[in-house]
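Novice: Structure incoming, see below.
The values are calculated or read from the model by the stated rules, or taken from the named source; none is laboratory data. Bear in mind the structure is a predicted one, so any value in this text is a computation, not a measurement. Counting neighbours? That spans all protein chains shown, and the Cβs are built from the backbone with ideal geometry, glycine included.
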Amino acid sequence: MTVTQIVDTRVRGGRLGTNALAIVALAFVVLVAIAVALAPVISPYGYNDQDLARFLEWPSADHLLGTDSLGRDILTRLLWGGQPTLLGVLVAVLTFVVVGVLLGIVAGTLGGWVDALISGIADILMSLPGVVLIFAVLAIFDQDLTPAMITLGFLGSGSLVRVVRATVLGVRGELFVSAAIVSGLGSVRLMARHILPAVVGPVVIQASLFAGAALAVQSGLGFLGLGVHPPLPTWGSMVGEAAANLAKAPWLLVVSGGIITLVSLALALIGDGLRDVDAARRRSDRGRAPIAARTSRADGGTPPEPSDAVLRVQDLEISFGDSPPVAVVRGVSFEVQPGEILGLVGESGSGKTVTTLATLGLLPGNAAITAGRILIGQDDVTELDDRGFAGIRGRRTGLISQEPMVALDPLFTVGSQLLEVLKYASDVPASQRRARAMQLLSLVHLPDPEAVMRRFPHELSGGMAQRVVIATALAGDPELLIADEPTTALDVTVQAGILDLLRELRRERGLAVLFVTHDLAVVADICDRVIVMEKGVIVESGLVDDLFADPREPYTRELIASTPRLVDGR
Amino acid sequence: MLRLIARRVLLSIPLLVAVTAITFFLQSLIPGDPARSLLGGSATQEQLDALRQTLHLDQPVLIQYRDYLAGVLHGDLGRSIFTGEDVGQTLANRLPVSLSLIIGGTVVALLIGILLGVLSATRGRAVARFVDVFSLVGGALPNFWVGLILASFFAVTLLLLPATGYVPFEFSPSLWASSLILPVAALSLSGIATIAKVVRDGISTAMTQDFIRTLRAAGVPRRVLIWRHALRNSAVSLVTVVGVIFVASLSGTILVENVFVLPGLGSLAVTATSRQDIPVIQGVALAFTIVTIVVNLLVDVSYGLLNPKVRTR
Amino acid sequence: MSEVLRVVDLHVSYRTRGIGSRPRSVIHGVDLAVQAGETLALVGESGSGKSTIGNAILGLVPIESGSVLIDGTDVAGLSRRGRREMSRTVQAIFQNPYGSLNPWITVGQTLAEPLKVAGRSRAEIADRLRWLLERVRLPQDALDRYPSEFSGGQRQRIAIARAIALEPRLVVCDEPTSALDVLTQAAVLRLLRELQDDLGIAYLFITHDLAIVREFAARVGVLRSGEIVESGDAEEVCDAPRHPYTRQLVAAAPVPDPVLQRVRRAARLAGGGEVDADS
C-alpha cells in the first residue's frame, strides 16, 4: 500500500493543466476497464494458448506485446488478468465507500457516545496491520480473493470515516446550517440539501486515492502468488512470472508492472484533479492570477531631495497579476515625519493595506510595485529583496498587524522569539539580550516580564499578545512603526490600552507611526494627520482636526457621517 | 498530553483483542474440518486426532481463545503446524531483518524527503515542479516492481550489489548494509514522495502565516524563518505522516522481503499463508500490531513535544 | 404593545470535552423582554455570552434552565418539531455574511427554503421572492446567481431577505454589520430600520459597539460574563452609565471627533488611569 495515496496531501491550487491531465487519466482508466471487460471478445488468443516454440519473444505483429515463458500471448493475458485485478479493486472500493460514508455520517450527525465509539473504531482500523490480516483471511478462505478485498475495503475505511465525519462536523458548524435550522428545516431536508452535497467531493477524492492503494495491494498479493488461480493470470502474478525470467526477458517486467503503474498513476491524477476542483469550489471567488515579475518602472530617476521624513512614498503604483497587471494602488504619495502618527484610512479594497505592505517589502507574490518609489530615511527600498532589507526591517521599521493571536509563532515561547529578534535586529550582545527582552516587555506595560517570557502565545490574551508583538517590533529600536489595523480584533477597553501605549511610545521615544485603519473614531483618537484612500487613490488628506471639522470631499464627508456616534456631535 | 497517551494506551487493548480475536475466530470459519483440510485426504485418524489436540480443536472455540490469550500473555504463541517450531522464537529470529528494513526505509524517506521538500519550497518553480512529478510517480510505482527493476539493474546487469539474501549485522556490518541498500531503496520511494510533498506544502503554508510576517518585519533573516519556524511548524503534521509511513512500511516490507528473499516477518507471513499455517499468521499479526501500537505511541509523544498547546494542557 | 420575547432566569452551560470535566456555565440568570416592533440591543465584549443568548433563543444551543417565551410560548421545553414551528415567528441574521449563505446553491434556492418549509405553493413562492428582492433592493436576476457573485453588503441583504421571508415578529441580529465597511454598515442599518417601520418586526440586536446601540436601539442590556449588569433606555445608558463596567466601556470607546475625543480621553485617563494590560 503506498502512503501517498492514503495521506491527504494538498496539491498547490491553480496549477494549470491539472484538470486536463485528470481528464486524460480518467479516459485512460475507463478505456482500460472497457478493454478488460471485453477480454473474452477482443483477445487475439486464449489466455492459456501455449506456443512452446515461441516463448519469451519480443513484441511482433503476431504478438503485439510479446510472449511469456510458455509462449502465451502477453496482451491476451494482460486483458484477462485485468478482470480479477480490477474486480478486486472494485469490491474493495465499494466496501470502503459504503462503510466509510455510513459510519462517518452517523458519527458526525449523532455525536456523543456514538461519535466516540465510531471514532475509536476508525482509530483501531487505521492502526491494524492491514495486509497481514488480509493474509489471514486469504489463508482461511482458501485463497478466495473476494473476502480478502472486502476486508481491505473495511480496514481502509477508517480514514474515510474520519474525513466524512470531519466534513459533516465542519458543515454543521457553518452559519448557513444554523440559518437553515432557524428557517425551520427538518433534519432530513437539512441533510439532503446542505450536508450531503458537501460530503460528495471528499468521498470521491478519497475513493479514487483508495482505488490506487487497493490496486497496489491486489497486485502485490498476485505477485506473491496469493489468491491467484493459474492458469488465469492477474496483473500481479504476471509480475511474479516476469521476475522468474528477469535475466532472460526483462521486457516482461516492463509490460506487467507498467500497466499497474499507469493505472495507479491515472487514479492518483484523477484524485489530484478532483481535489483541485473541490478546493476551487470551496475557495469560490478569492483566487487571483499568480506571480508577476517586477515590470519596468516608469521612474523619473531623480535623486531624492534631502528630508527629515522617516518614510516617503512617491507616486506609488502597485499592480496584481500579469496578464495584464491590474493596478490596485495608483499615484499615492505621502510622508511620515519623525514622531508623527499618520492615519491611513479607507474601506476594504481602498488599497491601504497593500500600500503598507509595500513599504516593508512584504507584498504577496502576485503583486508588484509598477511605478513610483518608497524611501525609508534616505534609502530607496523600492527594489530591495529580502537580503537588501536586512538592516532596515526591525532596525528602522517595525510592524504590528491585525490579529495578535496569530502574529506570534505558536511553537516558541515569547522569550525565545524576542531573543531571536534581538539577535538579528539589534546590536545587543548575547549576554545582555535576556535583560533587554525583559526591559522591552516592561516598556509595553506587561506585568511580570519574567513569567511572560516563559509563556507560549496561546497562553496570552489578545491584548497581551498585541503588547508582545509591539515589544517584538521595538526590539531593533526602529524610528517608524507600521500598524495595520492593530486594534480591530480587540475589545474596546483593550483597544484603549493599546492606543494609550502607542501615544506613550511616541511621546517618550519620538516614534513615528503609520496607522492603518477603517475606523474614523480611532483616527480621531490617535492620529495627528490623516490620509483618506478610496479605490487605490488618495482622495483627501490633512490634519485630523481640520479634516473632521471641514471635510472637503463628499466621500470623506459620507465616511464621517456614517460612523456611528456614541456622543451627539456638533 | 497525558490524556492523549492514555487514550492511545486504552485503545491498544481493544486493538490487541481485535487482532487476536479476528485471526482466531476466522479460523473456525474454515469450511469443513480444519484438521482434515490441513492434513489432506490421506491422513490417518491418529494424525487427525493429534493435530486436533495440538490446535485444541476438541474444545469449544471460546475456551480455545481463552487458552490462546493466556498463552500469549505468558509469551507462548503456539507452534507452527508445519515445522513444529515455536512461533515466538521464529518471530524473534526474523524481527531484526524486518525492523532493519522498515526503520532504514523510514529514516531514508525522512532525510531525502525533508531535503527535497525544503528545496522545492525555497528554490523556485522548476524544483517544485520536479518534486510534484516525483511525488506523483513515486507514489504510483508498486514497490515490488521497483525492487525487481533495481535488482535487475544493479545486481543482475551491473553486479554491484547482491540481488537477494541477508547478512546479519553481527556477522558483517558492511555486508549487512550492502544487503539492505536495494530493499531499503525500494521500500522508501513512496515515503520520500509523500514526505517531500508534506514538507513542501507545510513550509509554503507556514511562510504565508502572520507570525512569519511579524518575524520577517522584525528583521529575522529568511533562512532562519524557513529552517527554524516554517519547518518546525510543518513538523507537527509531518510526525503524523511519518507514523503512517512507518505503518505502511509494515505492509510494504512483506513484498520487498519476497523480492529480495530476505528472511524477515514478511516472507514468513507469505509462506504461512500459502500453507494455512494459522498459528504463524496469528503470531505475525500480533507482532505487527504491537509494532504499530509502539509507533503510534511514539507519534503521539513527539506530537505532544512539538506542540505546546498539547504539552501544556 | 404586546411582548414578542420574554426571557426569564436563563442559564446556559457548555459541555467541555473529555471525561469527568464539568460543564462550564456561560449564562447565569439573564432576564430580558422585547416588545413588538422595538429594538433591544445586547452589548458586551468578547466572552460576555451575548451570542450564546441569541443562539439559545434560536434553539441552536440547549437551554439549561429558565424560560424563553416567544409570543407567549415557552420554547425551552419544546420538541424539535415544536421548535421548528417557531420559525414563522423568530428568525436570524448572523455576523458573517460569507458563511451564512450556502455557497453551493443559488440565492433563489436559499430564499425559497423557509417558504417551502412553510408549505407555500410554487406561485406564491415566486411572487414572494420578487417582493423580497425589491424590499432589500437587490436586482431580480440575483435569484439565479450564487453567493460568491455578491459583495459582503449584498450578501447581508440576501440574509435579511431570508430572515423576513415569513414576516416573523422577531429577528435575532447577531453582529449583523461588524464584518462590513462603514458605508455598507450604515446602509444595512437603514434597511433594517425601514423594515421595522413597515413590517413591525422586533429586533434583538447583539453587538459589541456602543455607538451603534445608541444610534439604532431603543433599549439596551449591558452584558458582562453571562450577566446583565445594566439595562434601560439606550440613550440614557450611553449618556449616563451607572454601572462601573458600563462606564468603563463608554469611556474607552472613541468618538469620530478629534476635539471632543481629546476631552473624553483626558477625562478617562484622569479618572481610571490606563486600562489593565492583561484585560
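Novice: Can you find even one residue in the range A:174-184 that is assigned to a helix (DSSP H, G or I) and in contact (Cβ under 8 Å) with a residue 60 or more places away in the chain? Reasoning before the result, please.
Specialist: Narrowing the range A:174-184 to residues assigned to a helix (DSSP H, G or I): A:175-182.
Those left that are additionally in contact (Cβ under 8 Å) with a residue 60 or more places away in the chain: none.
For the range A:174-184, residues assigned to a helix (DSSP H, G or I) and in contact (Cβ under 8 Å) with a residue 60 or more places away in the chain: absent.
Novice: Going by the structure shown, is C:L101 at the interface with another protein chain (Cβ under 9 Å from one of its Cβ atoms), touching a Lys or Arg at 6+ places or on another chain (Cβ under 9 Å) and buried (at least 18 other Cβ atoms within 10 Å of the Cβ)?
Specialist: On the way: at the interface with another protein chain (Cβ under 9 Å from one of its Cβ atoms): yes; touching a Lys or Arg at 6+ places or on another chain (Cβ under 9 Å): yes; buried (at least 18 other Cβ atoms within 10 Å of the Cβ): yes.
Considered against the rule, which asks whether it is at the interface with another protein chain (Cβ under 9 Å from one of its Cβ atoms), touching a Lys or Arg at 6+ places or on another chain (Cβ under 9 Å) and buried (at least 18 other Cβ atoms within 10 Å of the Cβ), C:L101 comes out as yes.
Novice: If we scan the range A:168-176, do we find a residue that is buried (at least 20 other Cβ atoms within 10 Å of the Cβ) and more than 27 Å from C:I164 (Cβ to Cβ)?
Specialist: The answer is yes; a qualifying residue exists.
Novice: Of the numbered conditions (1) closer than 25 Å to C:S87 by Cβ; (2) more than 9 Å from chain A (Cβ to nearest Cβ); (3) charged (D, E, K, R), C:R162 fails exactly one; give the number of that condition.
Specialist: Condition not satisfied by C:R162: (2).
Novice: Specify the residue that is nearest to A:L490 (Cα to Cα); the eligible residues are those in the range A:424-477 that are within 11 Å of chain B (Cβ to nearest Cβ), hydrophobic (A, V, I, L, M, F, W, C) and in a loop (DSSP other than H, G, I, E, B).
Specialist: A:F456
Novice: Within the range A:389-443, how many residues turn out to be polar (S, T, N, Q), free of Cβ contacts under 8 Å to residues at least 12 places away in the same chain and under 14 Å from A:M464 (Cα atoms)?
Specialist: The initial filter retains those residues of the range A:389-443 that are polar (S, T, N, Q), namely A:397, A:401-402, A:413, A:416-417, A:426, A:431-432, A:439, A:442.
Okay, now just the ones that are also free of Cβ contacts under 8 Å to residues at least 12 places away in the same chain, so A:416, A:431-432, A:439, A:442.
Still in the list and also under 14 Å from A:M464 (Cα atoms): A:442.
Residues meeting the conditions: 1.
Novice: Please determine, by comparing only the residues of the range C:63-81 that are in contact (Cβ under 8 Å) with a residue 40 or more places away in the chain and surrounded by 14 or more Cβ atoms within 10 Å (Cβ to Cβ), which one is farthest from C:L170 (Cα to Cα).
Specialist: Across the range C:63-81, the extreme among qualifying residues is C:E64.
The rows are residues; the columns are (1) more than 20 Å from B:A92 (Cα to Cα); (2) in a loop (DSSP other than H, G, I, E, B); (3) in contact with a Cys (Cβ under 7 Å, 6 or more places away or on another chain).
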position: B:V241; (1), (2), (3): yes, no, no
position: B:F246; (1), (2), (3): no, no, no
position: B:V261; (1), (2), (3): no, yes, no
position: B:T273; (1), (2), (3): no, no, no
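Novice: How many residues does the range B:82-92 contain that are over 17 Å from the mean Cα position of the chain (by Cα) and either in contact (Cβ under 8 Å) with a residue 24 or more places away in the chain or at positive phi (or both)?
Specialist: Residues of the range B:82-92 over 17 Å from the mean Cα position of the chain (by Cα): B:82-90.
The next check asks that each one be either in contact (Cβ under 8 Å) with a residue 24 or more places away in the chain or at positive phi (or both); those that pass are B:82, B:84, B:87-88, B:90.
Here the count works out to 5.
Novice: Among the residues of the range A:193-206, are any part of a helix (DSSP H, G or I), among the charged types (D, E, K, R) and either under 21 Å from A:V277 (Cα atoms) or within 11 Å of another protein chain (Cβ to nearest Cβ) (or both)? Write out each step before concluding.
Specialist: Start the filter on the range A:193-206 by keeping residues that are part of a helix (DSSP H, G or I), which leaves A:193-206.
When the remaining residues are screened for being among the charged types (D, E, K, R), the result is A:193.
Adding the requirement that they be either under 21 Å from A:V277 (Cα atoms) or within 11 Å of another protein chain (Cβ to nearest Cβ) (or both) leaves A:193.
Yes, the range A:193-206 has at least one match.
Novice: To continue, here is another question. Checking the structure you have, find out if any residue of the range C:140-157 is touching a residue at least 60 places away in the same chain (Cβ under 8 Å) and either of a type in the set (V, I, T) or within 20 Å of A:A179 (Cα to Cα) (or both). Let's see the steps before the verdict.
Specialist: Initially, the range C:140-157 is screened for residues touching a residue at least 60 places away in the same chain (Cβ under 8 Å), giving C:156.
From what's left, either of a type in the set (V, I, T) or within 20 Å of A:A179 (Cα to Cα) (or both): C:156.
Yes, that holds for at least one residue.
Novice: Taking into account only those residues within the range A:552-570 that are modelled with pLDDT of 90 or more and aliphatic (A, V, I, L, M), which is farthest from A:D519 (Cα to Cα)?
Specialist: Restricting to residues being modelled with pLDDT of 90 or more and aliphatic (A, V, I, L, M), the top hit is A:A561.
Novice: Which residue, of A:V217, A:V228, A:V200, is within 25 Å of B:Q276 (Cα to Cα) and within 34 Å of the chain's Cα centre (by Cα)?
Specialist: On the way: A:V228 fails: within 34 Å of the chain's Cα centre (by Cα); A:V200 fails: within 25 Å of B:Q276 (Cα to Cα).
Matching residue, one of A:V217, A:V228, A:V200: A:V217.
Novice: Looking at B:G124, is it touching a residue at least 60 places away in the same chain (Cβ under 8 Å), more than 8 Å from chain A (Cβ to nearest Cβ) and not β-branched (V, I, T)? Please lay out each step first, then the result.
Specialist: Values: touching a residue at least 60 places away in the same chain (Cβ under 8 Å): no; more than 8 Å from chain A (Cβ to nearest Cβ): yes; not β-branched (V, I, T): yes.
Spelling it out, it is not the case that B:G124 is touching a residue at least 60 places away in the same chain (Cβ under 8 Å), more than 8 Å from chain A (Cβ to nearest Cβ) and not β-branched (V, I, T).
Novice: Here's another thing I want to ask about it. Of the residues B:L215, B:L189, B:L148, only one is in contact (Cβ under 8 Å) with a residue 12 or more places away in the chain, closer than 14 Å to B:V261 by Cα and crowded, with 24+ Cβ neighbours inside 10 Å; which?
Specialist: Values: B:L215 fails: closer than 14 Å to B:V261 by Cα; B:L189 fails: closer than 14 Å to B:V261 by Cα.
Every option except B:L148 fails the conditions.
Novice: Kindly indicate whether C:A123 is modelled with pLDDT under 95 and assigned to a helix (DSSP H, G or I). Explain how you work it out, then say what you get.
Specialist: Details: modelled with pLDDT under 95: yes; assigned to a helix (DSSP H, G or I): yes.
Here the answer is yes, as C:A123 does meet what is asked.
Novice: With the requirement that a residue be under 24 Å from A:L490 (Cα atoms) and among the β-branched types (V, I, T), what does the range A:519-554 give you?
Specialist: So in the range A:519-554, the residues under 24 Å from A:L490 (Cα atoms) come out as A:519-533, A:544.
Those that are under 24 Å from A:L490 (Cα atoms) and among the β-branched types (V, I, T): A:V522, A:V523, A:I526, A:V530, A:I531, A:V532, A:V544.
Novice: Mind telling me which of the residues A:S119, A:S159 ends up being within 13 Å of chain B (Cβ to nearest Cβ), under 25 Å from the mean Cα position of the chain (by Cα) and in contact (Cβ under 8 Å) with a residue 40 or more places away in the chain? Please lay out each step first, then the result.
Specialist: Values: A:S119 fails: under 25 Å from the mean Cα position of the chain (by Cα).
Going through A:S119, A:S159 in turn, just one is within 13 Å of chain B (Cβ to nearest Cβ), under 25 Å from the mean Cα position of the chain (by Cα) and in contact (Cβ under 8 Å) with a residue 40 or more places away in the chain: A:S159.
Novice: Tally the residues that are assigned to a loop (DSSP other than H, G, I, E, B) and farther than 26 Å from C:C238 by Cα, restricting the search to the range A:521-549.
Specialist: Residues of the range A:521-549 assigned to a loop (DSSP other than H, G, I, E, B): A:527-528, A:535-536.
This time we only want the ones that are farther than 26 Å from C:C238 by Cα, so: A:528, A:535-536.
Going through the range A:521-549 one residue at a time, the tally reaches 3.
Novice: Ok, one more. Testing A:D142 on (1) on the phi > 0 side of the Ramachandran plot; (2) at pLDDT 90 or above, one condition comes back false. Which one is that?
Specialist: (2)
Novice: Those residues that are more than 13 Å from chain C (Cβ to nearest Cβ) and buried (at least 18 other Cβ atoms within 10 Å of the Cβ), I need them from the range A:506-538; list them, please.
Specialist: A:R506, A:L511, A:A512, A:V513, A:L514, A:V516, A:I531, A:G536, A:I538
Novice: Examine the range A:415-423 for a residue that is crowded, with 21+ Cβ neighbours inside 10 Å, among the polar types (S, T, N, Q) and more than 8 Å from every other protein chain (Cβ to nearest Cβ), and state whether such a residue exists.
Specialist: No.
Novice: Kindly indicate which of A:V99, A:V164 is in a helix (DSSP H, G or I) and either farther than 26 Å from B:I290 by Cβ or acidic (D, E) (or both).
Specialist: Details: A:V99 fails: either farther than 26 Å from B:I290 by Cβ or acidic (D, E) (or both).
Among A:V99, A:V164, only A:V164 is in a helix (DSSP H, G or I) and either farther than 26 Å from B:I290 by Cβ or acidic (D, E) (or both).
Novice: Taking only the range A:232-248 into account, find how many residues are closer than 12 Å to B:L148 by Cα and assigned to a helix (DSSP H, G or I). Please lay out each step first, then the result.
Specialist: Here is the first cut: in the range A:232-248, the ones closer than 12 Å to B:L148 by Cα are A:239-247.
If we keep only those that are assigned to a helix (DSSP H, G or I) as well, we get A:239-244.
Residues meeting the conditions: 6.
Novice: It is to be established whether one or more residues within the range C:122-135 are under 21 Å from the mean Cα position of the chain (by Cα) and in contact (Cβ under 8 Å) with a residue 40 or more places away in the chain. Explain how you work it out, then say what you get.
Specialist: First, the residues of the range C:122-135 that are under 21 Å from the mean Cα position of the chain (by Cα): C:132, C:135.
Applying the additional criterion that residues be in contact (Cβ under 8 Å) with a residue 40 or more places away in the chain yields C:135.
Taking every residue of the range C:122-135 in turn, at least one turns out to be under 21 Å from the mean Cα position of the chain (by Cα) and in contact (Cβ under 8 Å) with a residue 40 or more places away in the chain.
Novice: Right, here's the next one. Could you say which residue among B:A193, B:A163, B:A155 is assigned to a helix (DSSP H, G or I) and more than 7 Å from chain A (Cβ to nearest Cβ)? Outline the logic, then answer.
Specialist: Numbers: B:A193 fails: more than 7 Å from chain A (Cβ to nearest Cβ); B:A163 fails: assigned to a helix (DSSP H, G or I).
None of the other options fit; the residue is B:A155.
Novice: Continuing with this model, one more query. Within the range A:550-570, track down each residue that is facing another protein chain (nearest Cβ under 9 Å), surrounded by 15 or more Cβ atoms within 10 Å (Cβ to Cβ) and in a loop (DSSP other than H, G, I, E, B).
Specialist: A:T563, A:P564, A:R565, A:L566, A:V567 - these are the residues of the range A:550-570 that are facing another protein chain (nearest Cβ under 9 Å), surrounded by 15 or more Cβ atoms within 10 Å (Cβ to Cβ) and in a loop (DSSP other than H, G, I, E, B).
Yes/no per residue for (1) over 30 Å from A:L21 (Cβ atoms); (2) within 11 Å of chain A (Cβ to nearest Cβ); (3) modelled with pLDDT under 90; (4) under 22 Å from the mean Cα position of the chain (by Cα):
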residue: B:A50; (1), (2), (3), (4): yes, no, yes, no
residue: B:L57; (1), (2), (3), (4): yes, no, yes, no
residue: B:L62; (1), (2), (3), (4): yes, no, yes, no
residue: B:G75; (1), (2), (3), (4): yes, no, yes, no
residue: B:S80; (1), (2), (3), (4): yes, no, yes, no
residue: B:T106; (1), (2), (3), (4): yes, yes, no, yes
residue: B:I114; (1), (2), (3), (4): no, no, no, yes
residue: B:D132; (1), (2), (3), (4): no, yes, yes, no
residue: B:F144; (1), (2), (3), (4): no, yes, yes, yes
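Novice: Could you list, in sequence order, all residues of the range C:82-96 that are among the polar types (S, T, N, Q) and either without any contact (Cβ under 8 Å) to a residue 60 or more places away in the chain or touching a Phe, Trp or Tyr at 6+ places or on another chain (Cβ under 9 Å) (or both)? If you could, list the steps in order and put the result at the bottom.
Specialist: Taking the range C:82-96 as the starting set, the residues that turn out to be among the polar types (S, T, N, Q) are C:87, C:89, C:91, C:95-96.
Passing the criteria: none in range.
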